[in-house]
Amino acid sequence: MANNRATKSGFAAEAQRKINSKYSEELAQECLEWVRQITGEPQNVSGDMDNFYEVLKDGTLLCKLVNNIQPAMVKKVNESKMAFKCMENINAFLEAAKNLGVPAQETFQTVDLWERQNLNSVVICLQSLGRKVGNSKITKHIFIYIPSQDYEK
């Protein structure tokens, strides 16, 4: 997890600050509200980085999200908090998101979430998923519209 990594310094610290500066608490909150609306799971929807990470880090909520959008997208959701099981959940979500039409450039790498490397890319992926399923007839759910924005990764 993120707390197992050494503190970054020098160029790495500057690069991480630049990545973190792109993170929008408002957009993250909108994404968490959308996830709660679709899944029906009660969770804190505060958009601050700490909460966003804590809510999504094990991947179970992400798997439940895609399974609510289209049943059986993720066959097995691991409830275990063991690192490799959580990363399997995140990977399963990413595969499902791609199958639902999220472009590869709008997804994230597992470590972006699991190791808290780039939470902005997780927000971008959720926004893209919201747009893709909002434009389709996959489900009976009502989707919020998340406007498309240009992001630099």
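Derivation of every value follows stated rules applied to the coordinates shown; laboratory data play no part. None of these values were measured; they are calculated from a predicted model. Cβ: placed from backbone, ideal geometry, glycine included. Neighbour counts: every protein chain shown.
Looking at the range 24-87, which trypsin sites (Lys or Arg not before Pro) are in a loop (DSSP not H, G, I, E or B) and have at most 14 other Cβ atoms within 10 Å?
Qualifying residues, ordered by number: K75, K76, K81.
Simple spin-label model, 7 Å along Cα-to-Cβ: M49 to E79 in nm?
Reported label-point gap for M49 and E79 is 3.3 nm.
Which distance in nm do the two modelled labels at E95 and E25 give, with both placed 7 Å along the Cα-to-Cβ direction?
A separation of 3.7 nm, rounded to one decimal place.
Just in the range 7-112: which chymotrypsin sites (Phe, Trp or Tyr not before Pro) are loop by DSSP and have at most 13 other Cβ atoms within 10 Å?
Numbers: sites: F11, Y23, W34, F52, Y53, F84, F93, F108; in loops: Y23, F108.
Of the chymotrypsin sites (Phe, Trp or Tyr not before Pro), not one in the loops of the range 7-112 has a Cβ with at most 13 other Cβ atoms within 10 Å.
Among the aspartates and glutamates, which fall within straight-line cross-link reach of K57, defined as a Cα-Cα distance under 13 Å, with same-chain neighbours fewer than 8 residues apart omitted?
K57 reaches E79, E88, D112, E115.
Rounded if a/c is under 1.5, else prolate if a/b beats b/c, else oblate: with a ≥ b ≥ c from the C-alpha gyration tensor eigenvalues square-rooted, which is the range 64-133? Before the final figure, lay out each step's value.
Numbers: a/c = 2.18, a/b = 1.09, b/c = 1.99.
Since a/c reaches 1.5 but b/c is at least a/b, the shape of the range 64-133 is classed as oblate.
Treat every Asp and Glu Cβ in the range 9-134 as -1 and every Lys and Arg Cβ as +1, leave all other atoms uncharged, and give the resulting dipole magnitude about the Cα centre to the nearest 20 debye.
400
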